[in-house]
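Student: Below are the structure tokens for one structure; questions will follow.
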Amino acid sequence: MIGILDYAAYVPISRLAWAEIARAWARSLVPPQGSGERAVANFDEDSLTLAAEAALRCLEHSEGPRPEGIYFASTTAPDQERQAATVIAAAADLPREIRTVDFAGSLRAGTSALLAALDAVKGGPAWSVLVAAADCRLAEPGQTAEAFIGDGAAALLIGEGEAIATVEAVHSIAEEFPGTWRRSGNPFIENDDEKFAATYGYQRILLDAMRGLLEKARLTPKQLAKVVCPAPDLSSYTALAKASGIPLAFLQDPLLLSVGFTGAACPLLLLTTCLERAEPGQLILLLSYGGGADAILLSVTDQIEVHRSRARRPLLGPGRPLASYQTYLRYRDLVRSQHGLWEIEPFSSLTMMWREGKQNLALYGVKCTKCEAIFFPARRVCPRCETKDAFEPYKLGRRGKLVTFSKDRLYPSPESPTIMAVIDLEGGGRFFTQMADCDPDAPRIGMDVELTFRKFHESKGYAHYFWKARPVHPGP
Amino acid sequence: MNIRDKVAIIGVGATKFGENFTQDYSDMIVEAAYEAFEDANVPPSQIQAAWLGTCFPDSGGYQGNAGASLADALSLYRAPISRVANYCATGTDAFRNACFAVASGVYDIVLVVGAEKMRDVTPRESLVGQLAETGHPVHGKGVTAPGMFALIATRYFDCFGIGRETLAKVAMKNHRHGSLNPKAHFQKEITLEQYLKAPMVADPLSLYDCCPQTDGAAAAVICRADLASTFRQEPIYVKGLGLANPVGDGLAFDPESDFISFQATKEAAQQAYDQAGIKDPFKEIDVAEVHDCFTITELVTYEDLGFCRKGEGPEFIDKGVSSLDGELPVNTSGGLKSCGHPIGASGLRMIGEITDQLRGRAGRRQVKGAKRGLIHNLGGLGAVTSVIVLASS
């Protein structure tokens, strides 16, 4: 059975309240109805790290063979020329002999990657493909869209096996439509006539896709258990819901008030939340919009109950308020200091980074075959038994306990204090790194932490990714 | 061969430590070296070889990078000069290497200079920049000097149930001693209230737990012990020279680090004690200059040097044992805390302070009847420690 074998989501911990955005601009930017908040990626996160987090979560409980492909989807890939999928594959410790692709150019990139993964598995080149979609889009500060956009990621493991959901029908439309776009070199999304875009773009094209799919599958809307449809903003979504004739109860919560519109990741992220509560036999309609639309009909299998019985981390995890709108601006590098977001340009050698690629990205230390001592980083002569070249690579665990820590207010960083942590890793080895997403009052000796893949800096104009430690139970 | 009694110090000198905006690197070397020549009653022409200790070369990595910088400053082109760098233990290690050269019999009389120009750039560009912008691109990235030593303070506090008030006592003592030292960067006492109100730098370390960014140079003229009395009366003898680097740079990554002590200090001290024939350092050492780059370092060092047992450091400072009028005065100069820490110069400044104490010419800071003194100089997060024992006879 070909379909979705596993799934995971990742929403960064910080939430920016609409009210805080309104306060910062001293005017009501968002529709007055309701109060919402949006997820904001930390300063050390980008769409690559968000996707990596979702991908690693998706793989952490999967016991089967490793995927033979990584498809990354985003409209905000950190680099124009440097494949994010390859970096994620390295962090996930996948072998070199896999297929990696970045999907981009449209908010439909997430479902495009999903459909391409299904084709790859059906066509035979891969046993399974991990699709990881993430977005970290920017609206110009002060624009309404700033409140509706959210940062987030989702990952789906597509393959042949005990699928929890299968794809029954697909209907795609390609249509050039001047709704939302972003030119190369512009960090901010652009648009023109919002009402025109909402009605003649988003609403018309999605309804066309939905009708087309239902026709193909010979279904009526009433046979659908859930319709999963991304919402770029409140009014477009409300209008679409009304026009579709689908009762609100059948629409999957688009998370617009709690996470925000997560761009290319949104359809997949919403699908994961839908699967959390899905029952065997249910039909789910997944919609995706951008340069046309994708409509995908999924059928939930009995396997969903087996999946649910396994111990897994909460899908979306907790959120906590971002201190202020200014913090959001700083995290997104929208108020620049003289030296930019990272303030400093640490020494780097890219030759060295390449040489240490497996150690640093896939997180390998060494274990002495004579005395079993474990070290990170790698070395050649054992400091315990002084044997030369008796080390073998040792895959480090990503969980551990805090041995000691400091809260450094001197280190130049977008966020102060920089909390440094010494960690004893499960399975052995000691690690020393920065903490991420950590309340300064939270660290305690003995506290449980886990390693998370983050961006450290951009020395030589090249994003350096490595592992930070995050509290397993955040907050004080 | 034991180094004991092979080498004698016949002259010491040092600049005023501080933000020496009107002096460059070479000016400070000239001032420190000529003071040492005068003290030794030795003209520069008699110097047969020299060692220069500078940790971070000035002028974009040029000045202080080679012995040539010392030759240029003093026009000492005749003598062979080596530059030594060994983190914050640079000064004492330059001295140690010079001692071995003299003890070998190759040279009779040599010069050792430690110099560091830190305030030709902003404090942010100085040592903070050194740590934030150099080193491995990602491993341990995020650490600064106070951040490193705060790891020790956090763990020490947790293990022994103490808090910042104990560290305050170290800071207040060293500021009190510094107020008596005309060459110290800071020459003022501080109150507990000032300490507690000061901004945090790297929790749990606050401003008054940290030594400042300082310029300075210090020098010593040393010679064969058997020739010392021909130059001056009251030479000071080298009794032991220990240096240890048992964990290297990777203390924070080492699964065996306990974060409440520095193995390097214990091992370097044992080497020096063995050479000097010291069995009970608390009883046999009269005065000590230790590496209080941060207050927590001094606290841990009392224990690692064997002045008291592990966990008894807080009691040691509480009871005033290490105060000027205590049983074993520590950092009579005011330490790095008050003198500042021009990295390469610090070790030689400490040697100068102990030399002065043993000669009985430390003025208001004089420890009565001091006969034997110790210098402790630690680099990195316990990556290297140098321990020296000196005595007046």
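Student: Between 0 and 90 degrees, rounded to the nearest ten: what's the tilt of helix B:145-160 against the longest Cα principal axis of chain B?
Tutor: 50 degrees
Student: What distance in nm separates the simple spin-label points at A:Thr238 and A:Glu176, each placed 7 Å from Cα in the Cβ direction?
Tutor: Here the answer is 3.4 nm between the modelled labels.
Student: Here is a further query. For region B:276-323, what relative contact order do you get, as a whole percent, if you take Cα pairs closer than 8 Å and at least 6 residues apart?
Tutor: 27 percent
Student: How many partner chain Cβ atoms sit within 10 Å of a residue's Cβ in peptide A:294-307, on average, as a whole number?
Tutor: Mean number of neighbouring Cβ atoms from other chains: 0.
Student: Ignore the peptide's own chain and count Cβ atoms of other chains within 10 Å of each Cβ in A:410-419; give me the average, rounded.
Tutor: 5
Student: Then there's this: Around B:Glu353, what is the net charge, scoring Lys/Arg as +1 and Asp/Glu as -1 over all other residues with Cβ under 9 Å from its Cβ?
Tutor: Computed value for this residue: 0.
Student: Continuing with the same structure: How high is the relative contact order of chain B, in percent, with contacts defined as C-alpha pairs under 8 Å that are six or more residues apart?
Tutor: 26 percent
Student: On each of the three principal axes of the Cα atoms of the protein assembly as shown, give max minus min coordinate, whole Å, ordered largest first.
Tutor: Cα spread of the protein assembly as shown along its principal axes, largest to smallest: 111, 61, 51 Å.
Student: Ranking request for peptides A:376-385, B:368-377, A:139-148: highest mean number of other beta-carbon atoms within 10 Å first, then the rest in descending order.
Tutor: Going from most to least packed, we get B:368-377, A:139-148, A:376-385.
Student: In addition: How large are Rg and Dmax for region B:1-57 when calculated on the C-alpha trace, in angstrom?
Tutor: 13.8, 45
Student: Would you list the P(r) distribution for region A:348-476, with all Cα-Cα distances sorted into 10 Å bins from 0 and each bin expressed as a whole %?
Tutor: Using 10 Å bins, I get a P(r) of 13, 37, 34, 15, 1 for region A:348-476.
Student: Can you tell me how region A:207-326 classifies by the Cα gyration tensor, rounded, prolate or oblate, using a/c under 1.5 as the rounded cut?
Tutor: It is oblate, given that a/c is not under 1.5 and a/b is not larger than b/c.
Student: Check A:Leu315: other-chain or 5+ apart residues with amide H under 5 Å from its amide H, H built from backbone geometry?
Tutor: none
Student: Let me know the whole percent of all Cα-Cα pairs from region A:240-386 that are separated by more than 18 Å.
Tutor: Percent of Cα pairs beyond 18 Å in region A:240-386: 77.
Student: Taking the alpha-carbon distance from A:Lys222 and a cut-off under 22 Å, which lysines remain once sequence neighbours fewer than 8 residues away in the same chain are dropped?
Tutor: A:Lys242
Student: OK, next. Assuming R0 = 51 Å, can you tell me the calculated FRET efficiency for the pair A:Arg27 and B:Asp258, based on Cβ-Cβ distance, to the nearest 0.05?
Tutor: The pair A:Arg27/B:Asp258 has a calculated efficiency of 0.35.
Student: Over all distinct alpha-carbon pairs, what is the Kirkwood Rh of region B:12-136 in angstrom?
Tutor: Averaging 1/r across every pair of different Cα atoms and inverting gives 15.0 Å.
Student: Something else now. Once you charge only the Cβ atoms, +1 for Lys and Arg and -1 for Asp and Glu, what is the size of the charge dipole of the protein assembly as shown about its Cα centre, to the nearest 20 debye?
Tutor: 700 debye
Student: Okay, next question. What net charge do the residues around B:Ser386 carry, taking every other residue with its C-beta under 10 Å from that of B:Ser386, with Lys and Arg at +1 and Asp and Glu at -1?
Tutor: Neighbour charge sum, excluding B:Ser386 itself: 0.
Student: Taking 0.36 nm per intervening residue step and subtracting the Cα-Cα distance, what contour gain separates A:Val335 from A:Val306 on full extension?
Tutor: Additional length available on full extension: 5.6 nm.
Student: Let me ask you something else. Which shape class, rounded, prolate or oblate, goes with region B:279-393 when its Cα gyration tensor gives a ≥ b ≥ c as root eigenvalues, a/c under 1.5 marks rounded, and past that a/b bigger than b/c marks prolate?
Tutor: Rounded, since a/c falls under 1.5.
Student: A follow-up question, please. Using a/c under 1.5 as the rounded threshold, could you call region B:244-327 rounded, prolate or oblate? The axes a ≥ b ≥ c are square roots of the C-alpha gyration tensor eigenvalues, and prolate needs a/b larger than b/c, oblate otherwise.
Tutor: Oblate, since a/c reaches 1.5 and b/c is not below a/b.
Student: For peptide A:398-407, how many partner chain Cβ atoms fall within 10 Å of a residue's Cβ, on average?
Tutor: Neighbouring Cβ atoms belonging to other protein chains average 6 per residue here.
Student: Write down the radius of gyration of chain B and its Dmax, each obtained from C-alpha positions, in Å.
Tutor: Rg and Dmax of chain B, Cα atoms, are 19.2, 57 Å.
Student: Which FRET efficiency value, to the nearest 0.05, is calculated for B:Glu19 and B:Lys319 with the Förster distance at 35 angstrom and r the Cβ-Cβ distance?
Tutor: Computed FRET efficiency for B:Glu19 and B:Lys319: 0.50.
Student: Turning to a different aspect of this structure: Starting from the eigenvalues of the Cα gyration tensor, five times each then square-rooted, give me the equivalent ellipsoid semi-axes of region B:81-162, largest first, whole Å.
Tutor: Square roots of five times the eigenvalues give 34, 20, 12 Å.
Student: For A:Thr144 and A:Arg380 in one chain, what is 0.36 nm times their gap in residues minus the Cα-Cα distance, to one decimal in nm?
Tutor: That works out to 79.3 nm of additional length.
Student: Choose one of A:Ser47, B:Gly250, B:Ser393: the residue whose Cα lies farthest towards the positive end of the charge dipole of the protein assembly as shown (beta-carbon charges +1 Lys, Arg; -1 Asp, Glu; about the Cα centre).
Tutor: Of the options given, the answer is B:Ser393.
Student: Now for a different question. For a quick check of your reading of the filter: which trypsin sites (Lys or Arg not before Pro) in region A:385-452 sit in a DSSP loop and have no more than 14 other Cβ atoms within 10 Å?
Tutor: A:Arg444
Student: Would you mind checking A:Lys460/B:Lys141; A:Lys367/A:Lys388; B:Lys16/B:Lys371; B:Lys16/B:Lys337; B:Lys266/B:Lys319; B:Lys283/B:Lys368 for any pair whose Cα atoms are more than 18 angstrom apart?
Tutor: B:Lys16/B:Lys371; B:Lys266/B:Lys319
Student: To the nearest 0.05, what FRET efficiency results for B:Asp274 and A:Ala390 with a Förster distance of 25 Å applied to their C-beta separation?
Tutor: 0.15
Student: What do you get for GluC sites (Glu not before Pro) in region A:1-89 restricted to DSSP loop and a cutoff of at most 11 other Cβ within 10 Å of the site's Cβ?
Tutor: Answer in residue order: A:Glu63, A:Glu81.
Student: Let me ask something else about it. Is there a quick way to get the dipole size of chain A? I mean about its Cα centre, with the Cβ of Lys and Arg at +1 and of Asp and Glu at -1; what is the value in debye to the nearest 20?
Tutor: Once rounded to the nearest 20, the dipole reads 780 debye.
Student: While we're looking at this one, here's another question. Between A:Glu190 and A:His473, how many nm apart are label points set 7 Å from Cα along the C-beta direction?
Tutor: 5.0 nm
Student: Charges only on Cβ, +1 for Lys and Arg, -1 for Asp and Glu: so what's the dipole of region A:33-100 about the Cα centre, in debye to the nearest 20?
Tutor: Computed charge dipole of region A:33-100: roughly 180 debye.
Student: Could I ask something else about it? Quote to one decimal, in nm, the extra length available between B:Ser393 and B:Ser229 on full extension: 0.36 nm per residue of separation minus the C-alpha distance between them.
Tutor: Contour length minus the Cα-Cα distance gives 57.9 nm.
Student: Okay, moving on. Please determine, in degrees from 0 to 90 and to the nearest 10, the orientation of helix B:343-359 with respect to the longest principal axis defined by the Cα atoms of chain B, where the helix direction is its Cα long axis.
Tutor: On a 0 to 90 degree scale, this one is about 70.
Student: Could you tell me how far the Cα centroid of region B:30-52 sits from the Cα centroid of region A:238-293, in Å?
Tutor: Result: 82 Å between the Cα centres.
Student: Largest first, please: the extent of the C-alpha atoms of region A:19-82 along each principal axis, to the nearest Å.
Tutor: Rounded to whole Å, the extents work out to 53, 30, 19 Å.
A short reminder: the numbers here are calculations on the coordinates, not readings from a lab. Nothing here was measured: the structure is a model prediction, and the numbers come from that model. Glycine gets a Cβ as well: all are built from the backbone with ideal geometry, and neighbour counts include every protein chain shown.
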